[in-house]
Amino acid sequence: MMGLVIKDMLVMRKTIRTYALFLLFYLVMTLLDLFTISFTTAILQLIVMLLPMSAFSFDEMAKWNGYALTLPLGRRAVVTGRYLFALIMTLAAGLCGLLSCVLVSIFGDQDTLLENMMTVMVCLSLGLFYADILLPLCYKLGPERARPYFYLVIFAPIVLLLGAYQLGLFSPGSLSFLSSVPDSSVVRLSFFFPLLPLAGMWLSYRVSCRVMEGKEF
Amino acid sequence: MTNAIEIRGLCKSYGDFALQDVSLTLPGGSIMGLIGENGAGKTTTIKCILNLVRRDGGQITIMGRDNISQEKAVKEDMGVVLDECFFHDTLRPLDIDRILARIYRTWDSALFGDYLDKFQLPSKKFVKEFSRGMKMKLSLSAALAHRPRLLILDEATAGLDPVVRDEILDEFLAFIRDEDHAILISSHITSDLEKAADYITYLHQGRVVLSEAKDVILDSYGRLACTAKQLEEVDPGDLVRVRRGAYGCEGLIRDRAAFQRKYRNLLVEKTTLEDIMLFIGKGDAV
């Protein structure tokens, strides 16, 4: 199964390398105080979210899954390999985000370290959450047909919030109760945020396995 | 000796096409050619063996083991080359070695390297730069480097020039020298199968119409060339299929020697697998 993870990394090495250069660029921009750390970490997670979807596209182009099932792995392992790849990439993006925070605090504003780290954890949670939703969709619909859902999942919450704001159903003031929560508690709590989508990944994985079991190649 | 493949009563329906009651046996130490027209069910049979599609009925055992309940163990012993190269364009043979070494317990990197050398495949070149022949040789190298006991090939030599095909056929013959090994190969190129196969199974419209040792088929079947009047004098029971043309008639004979003894004035020639396919595929029932 690790062979499949390595396969994904080797197939996408060029893309990963390009994204790493992007990351470096954003990091430099952040250190120069041209971008905020929250912007950089959000971009980083967004880029990483595209990787598993690209992996599905590459597999579809090569008709890889039909071949993968001739290997002594089984269907479940094929799914596990893809989830591991998505997880490794998302966690690596989170780690890069945290390192960026440390670098920014060393070379820049030291007071915002915890706040920046909280942003990274929230972005990491969102990255995992998107993976939870998109991986079963890619198995069910294929990467091309799943792509519109990808954008839907990303933009629907923003559209809903804006819509609710326009209709007067929601105002930023309604979140004022959050200011009563001590900052230290929020920061501490944020480190547990990723646990929720991580738990959801198990459910997502089970759904993907079921979809894969029912497929014919 | 355990049979390499045993299929009993295999059924698989797609609605407009159905594989019906397919049974075949591939003894160890031999090569079986699976022939048939496009859409006859060759690939579906192979997909059922590989558990890529769910069968509706029947039983498949590979090297004495059930192909579903013992799928992983079965596939450790199996090398597969399908009609296309499934390795991504952005991979190199070197990468394929790294990937498959972590998948097959018995993967032999040195052996894979030997095959690459033998087939003159550059290990650091990307798959996208390979010709079709090179891609098929790469697939074959990957299928052989974990020392399988059974090779399954689906149209693996289609679209290759005779030189490459001959090279690959030589590799099959070398593989089969070990009596524990066996090959199932589906192909339209019947001349290759006449050269290499020990057994032939002919699928027609989802059914097995012929499954026999190749030598028995080629020794016993015959092609009758005669006039329409002569054809009328032949007992229909002695003919498998007939083809009537403007310049004469032809008939497919199951037992050439017996036919010749019975009809001494008629000329019966040896036949080829291609003739048999054409008779059954395009000929008329008697």
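The values are calculated or read from the model by the stated rules, or taken from the named source; none is laboratory data. Remember, predicted model here, so these are calculated numbers, not experimental data. Here Cβ is always computed from backbone atoms with ideal geometry, including for glycine, and neighbour counts include all displayed protein chains. All accessible areas refer to the heavy atoms of the entire protein, side chains included, with ligands and DNA or RNA removed. Shrake-Rupley method; radii C 1.70, N 1.55, O 1.52, S 1.80 Å.
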B:Ile103 vs. criteria assigned to a helix (DSSP H, G or I) and either crowded, with 20+ Cβ neighbours inside 10 Å or at the interface with chain A (Cβ under 9 Å from one of its Cβ atoms) (or both): no
Hey, can you tell me all the residues within segment B:274-286 that are over 21 Å from B:Ile200 (Cβ atoms) and crowded, with 19+ Cβ neighbours inside 10 Å? none
For A:Leu91, work out the one condition from (1) in contact with a helix residue (DSSP H, G or I) (Cβ under 6 Å, 6 or more places away or on another chain); (2) surrounded by fewer than 18 Cβ atoms within 10 Å (Cβ to Cβ) it doesn't fulfil. (1)
With A:Thr41, A:Thr15, A:Thr70 as the choices, which residue is in contact with a helix residue (DSSP H, G or I) (Cβ under 7 Å, 6 or more places away or on another chain) and more than 14 Å from chain B (Cβ to nearest Cβ)? A:Thr41
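Residue by residue, here is whether (1) within 14 Å of chain B (Cβ to nearest Cβ); (2) out of contact with any helix residue (DSSP H, G or I) (no Cβ under 8 Å at 6 or more places or on another chain) holds:
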{"residue": "A:Ser176", "(1), (2)": "no, yes"}
{"residue": "A:Leu189", "(1), (2)": "no, yes"}
{"residue": "A:Phe192", "(1), (2)": "no, yes"}
{"residue": "A:Leu196", "(1), (2)": "no, no"}
{"residue": "A:Ala199", "(1), (2)": "no, yes"}
{"residue": "A:Trp202", "(1), (2)": "no, yes"}
{"residue": "A:Tyr205", "(1), (2)": "no, no"}
{"residue": "A:Ser208", "(1), (2)": "no, no"}
{"residue": "A:Gly214", "(1), (2)": "yes, yes"}
Filter segment A:18-38 for residues that are open to solvent by less than 70 Å² (accessible area, probe 1.4 Å) and aromatic (Phe, Trp, Tyr); which is nearest to the other protein chains (Cβ to nearest Cβ)? A:Tyr19
Would you mind telling me which numbered condition in (1) over 29 Å from B:Lys195 (Cβ atoms); (2) among the charged types (D, E, K, R); (3) surrounded by fewer than 21 Cβ atoms within 10 Å (Cβ to Cβ) B:Lys12 fails? (3)
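Quick test for you: out of B:Asp161, B:Asp154, B:Asp192, B:Asp180, pick the one residue that is surrounded by fewer than 18 Cβ atoms within 10 Å (Cβ to Cβ) and at pLDDT 85 or above. Outline the logic, then answer.
Values: B:Asp161 fails: at pLDDT 85 or above; B:Asp154 fails: surrounded by fewer than 18 Cβ atoms within 10 Å (Cβ to Cβ); B:Asp192 fails: surrounded by fewer than 18 Cβ atoms within 10 Å (Cβ to Cβ).
After ruling out the rest, the residue left standing is B:Asp180.
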Search result, residues across segment A:45-65 that are open to solvent by 20 Å² or more (accessible area, probe 1.4 Å), more than 14 Å from chain B (Cβ to nearest Cβ) and either touching a Gly at 6+ places or on another chain (Cβ under 7 Å) or of a type in the set (Asp, Glu) (or both): A:Met49
Residues in segment B:254-273 that are surrounded by 19 or more Cβ atoms within 10 Å (Cβ to Cβ) and under 23 Å from B:Asp192 (Cα atoms): how many? 2
Qualifying positions in segment B:54-110 - among the aliphatic types (A, V, I, L, M), touching a residue at least 24 places away in the same chain (Cβ under 8 Å) and out of contact with any His (no Cβ under 8 Å at 6 or more places or on another chain): B:Ile60, B:Ile62, B:Met63, B:Met78, B:Val80, B:Val81, B:Leu82, B:Leu91, B:Leu94, B:Ile96
Under the condition of being more than 9 Å from chain A (Cβ to nearest Cβ) and of a type in the set (A, V, I, L, M, F, W, C), which residue from segment B:64-95 is surrounded by the most Cβ atoms within 10 Å (Cβ to Cβ)? B:Val81
For segment B:246-262, check the following and say yes or no: at least one residue is β-branched (Val, Ile, Thr) and touching a residue at least 40 places away in the same chain (Cβ under 8 Å). no
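Mind checking whether some residue in segment B:131-143 is assigned to a helix (DSSP H, G or I) and surrounded by fewer than 17 Cβ atoms within 10 Å (Cβ to Cβ)? I'd like the intermediate steps shown before the answer.
Step one: filter segment B:131-143 for residues assigned to a helix (DSSP H, G or I), giving B:132-143.
Subset that is surrounded by fewer than 17 Cβ atoms within 10 Å (Cβ to Cβ): B:132.
Yes, because at least one residue in segment B:131-143 is assigned to a helix (DSSP H, G or I) and surrounded by fewer than 17 Cβ atoms within 10 Å (Cβ to Cβ).
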Quick check on segment B:202-232: of everything there that is touching a Phe, Trp or Tyr at 6+ places or on another chain (Cβ under 8 Å) and outside any strand (DSSP E or B), which residue is most open to solvent (accessible area, probe 1.4 Å)? B:Lys214
Filter segment B:1-39 for residues that are in contact with a Cys (Cβ under 8 Å, 6 or more places away or on another chain) and basic (Lys, Arg) and give the result. B:Lys12
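Could you run through segment B:32-62 and say how many residues are of a type outside the set (Val, Ile, Thr) and touching a helix residue (DSSP H, G or I) at 6+ places or on another chain (Cβ under 7 Å)?
Just the residues of segment B:32-62 that are of a type outside the set (Val, Ile, Thr), to begin with: B:32-34, B:36-42, B:47-48, B:50-52, B:54-59.
Checking which are touching a helix residue (DSSP H, G or I) at 6+ places or on another chain (Cβ under 7 Å) leaves us with B:33-34, B:36-37, B:51-52, B:55.
Number satisfying all stated conditions: 7.
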Checked against (1) outside any strand (DSSP E or B); (2) within 28 Å of B:Lys270 (Cα to Cα); (3) of a type in the set (Asp, Glu), B:Glu179 satisfies every condition except (2)
Of the residues in segment A:137-182, how many are open to solvent by 80 Å² or more (accessible area, probe 1.4 Å), under 21 Å from A:Leu126 (Cβ atoms) and in contact (Cβ under 8 Å) with a residue 12 or more places away in the chain? 1
Please determine whether any residue of segment A:110-118 is touching a helix residue (DSSP H, G or I) at 6+ places or on another chain (Cβ under 9 Å), within 17 Å of A:Ala42 (Cα to Cα), among the charged types (D, E, K, R) and at pLDDT below 85. yes
For the list (1) in contact with a helix residue (DSSP H, G or I) (Cβ under 7 Å, 6 or more places away or on another chain); (2) over 30 Å from B:Lys128 (Cβ atoms); (3) assigned to a loop (DSSP other than H, G, I, E, B), I need the number of the one condition that B:Leu10 fails. (3)
Looking only at segment B:43-59, filter to residues that are open to solvent by less than 50 Å² (accessible area, probe 1.4 Å) and more than 17 Å from B:Gly15 (Cα to Cα); which one of those is farthest from the other protein chains (Cβ to nearest Cβ)? B:Gly58
